[in-house]
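Novice: Below are the structure tokens for one structure; questions will follow.
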Amino acid sequence: MCSSDLEVLVDELTRCGVTDVVLCPGSRNAPLSFALHRADTARRLRLHVRIDERTGAFLALGLALRSGWPVPIVCTSGTAAANLHPAVLEACYAGVPLLAVTADRPPEMVGTGANQTVVQAGLFAGAPRLEISLGVARRGTGQQDGWRAAVSRAVGVALGRAGVPPGPVHVNLPFAEPLVPEVGPGAGDWPEPLTGRRGNAPWTTYPPPAQPATRLPLDPAAPTLVLGGALPATAARPPDAAAGGWGGAPVVAEPSSPLWPGALRTGPWLLGSPRSDELRPTQVLLHGRPTLHRSVARLLADETVAVYAVAGTVDPVGAGLPRSVRAIGTPPPLRAPAEWTARWGDADTAASVALDKALAEPSAPMGLRLAAALVEALPPGALLTLGSSNPVRDVSLAARPRTGLTVLANRGVAGIDGTVSTSAGATLAHDTGPGYALLGD
């Protein structure tokens, strides 16, 4: 048994597979800070300490975005907790499993004028998939069993394994004084971890209800355009998606989509070109959530085009779906018309030649030229995090899609804040090569 309730809480996080925690130290969260430090010293998790809560939250977001696994951001009470809100919103709309663990004053202190005390229940409005308020942490209260269940549930909900899409969870933890733990025999003694870690974690007792896969009612032989956008962080990347295999159907994908390596380079340009009528699909298949280009948005808003979404790649709870989506499910094997797909291929080849010629001109926009050159130059296995304003659009419009590169961007709510910290967190979770970021306007 752990020597304190808080070591039980931290132990349950590790038993559920959590490997990284971001800590913003403060007075009210000091007891949890000590417990996390002991866990880091015992190599049970990797602790990242930041003094700014907004920065720390986006660091945790980047870690979770790249790993697809819940990462807690732990902070003290009051305005410190409020500074997590931007990252919690991004996690909500992007489907990222972020755990916002906020220290709090005991309930009897709320409304008394006590320092660093605000009403923290509902602090993040409707963004969290779940809010949990644990009992007041007092020395020797013996709440271990209830806390284990709460932590297990929080991890499961964040992962989308409790019948809701993946996303942020808010765990509020009131602390009563004394806030500095006693140190004595047994302090830092941890129970044996569960075997298998992520494979046998306790939240597997809360599986989502079994739902049969719905076959989409689209015509497999009709002219179908596949649109690729960003996926929830925990979404599976099917092998055929990574290879671009959609029965010959043309693919227009954003850089953060797993479909991008097999996508047409100039798709967004072609959808807005004078040739768009002859390239027009009768059906669109959404794989993820496209957010970048007006030409894509106009196509999705066209009532004469049937729009369908691939189950598991879109989040109807956080970001929502275009109103034109008729159904969500599993598509049948596509057999796009050969003449129509060849027309797309020829147009992409011609447009790509024209684009390269334009980019070679000294007067070409520097952002587009830089994006194309950077993507081509990065080594295999690299990670590239893109700023949400011009950089992600420059890469989408100018770079040549390629394999061997992981591309991320905060496109949930597309905020321009937090990108440096998101990139740092994502790089810490990236183990196949170096990390880079393209920022600015």
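Novice: Sort 338-344, 165-171 for me by packing, meaning the mean count of neighbouring Cβ atoms within 10 Å per residue, highest on top.
Specialist: Top to bottom by mean Cβ count within 10 Å: 165-171, 338-344.
Novice: Given a 1.4 angstrom probe, what's the average accessible area per residue across segment 255-412, in square angstrom?
Specialist: 44
Novice: Now, a different point. How many nm separate the modelled label positions at Thr282 and Ala149, each set 7 Å beyond the Cα in the direction of the Cβ?
Specialist: It is 5.6 nm.
Novice: Follow-up. If the chain between Asp302 and Val119 were fully stretched, how many nm would it gain, using 0.36 nm times the residue separation less the Cα-Cα distance?
Specialist: 61.4 nm
Novice: So how far apart, in nm, are the two label points at Ala327 and Ser27 if each is 7 Å from Cα heading toward Cβ?
Specialist: 6.1
Novice: Next question. Pull out the extension gain between Ser273 and Ala377, defined as 0.36 nm times the separation in residues minus the alpha carbon to alpha carbon distance; nm, one decimal.
Specialist: 34.5 nm
Novice: What is the sum of charges, Lys and Arg at +1 and Asp and Glu at -1, for the other residues whose Cβ falls under 14 Å from the Cβ of Asp394?
Specialist: So the environment of Asp394 carries a net charge of +1.
Novice: A further question on this structure: Once amide H atoms are built 1.01 Å from N in the peptide plane, which residues 5 or more positions from Leu405, or in another chain, come under 5 Å H to H?
Specialist: The answer is Gly381.
Novice: Right, next: Sorted by packing (mean other beta-carbon atoms within 10 Å per residue), highest first, where do 400-407, 360-367, 32-39 land?
Specialist: For the peptides 400-407, 360-367, 32-39, the packing ranking is 32-39, 400-407, 360-367.
Novice: Under a point-charge model restricted to the Cβ atoms of Lys and Arg (+1) and Asp and Glu (-1), what is the dipole moment magnitude of segment 1-78 relative to its Cα centre, in debye to the nearest 20?
Specialist: Rounded to the nearest 20 debye, it is 200 debye.
Novice: Now, a different point. When the distances between all Cα atoms of segment 326-414 are binned every 5 Å from zero, what whole-number percent does each bin get?
Specialist: 3, 11, 17, 16, 15, 17, 14, 6, 1, 0
Novice: May I ask for the percentage of alpha-carbon pairs in segment 1-80 that lie more than 21 Å from each other?
Specialist: 23
Novice: Can you give the convex hull volume per residue for the Cα atoms of segment 225-370, as a whole number of Å³?
Specialist: Enclosed volume per residue, from the Cα hull, is 120 Å³.
The values are calculated or read from the model by the stated rules, or taken from the named source; none is laboratory data. These numbers were taken from a predicted model, which means no experiment stands behind them. Backbone-built Cβ (ideal geometry, glycine too); neighbour counts: all protein chains shown. Note: accessible area is taken over every heavy atom of the protein model, side chains too, but ligands, DNA and RNA are not part of it. Shrake-Rupley method; radii C 1.70, N 1.55, O 1.52, S 1.80 Å.
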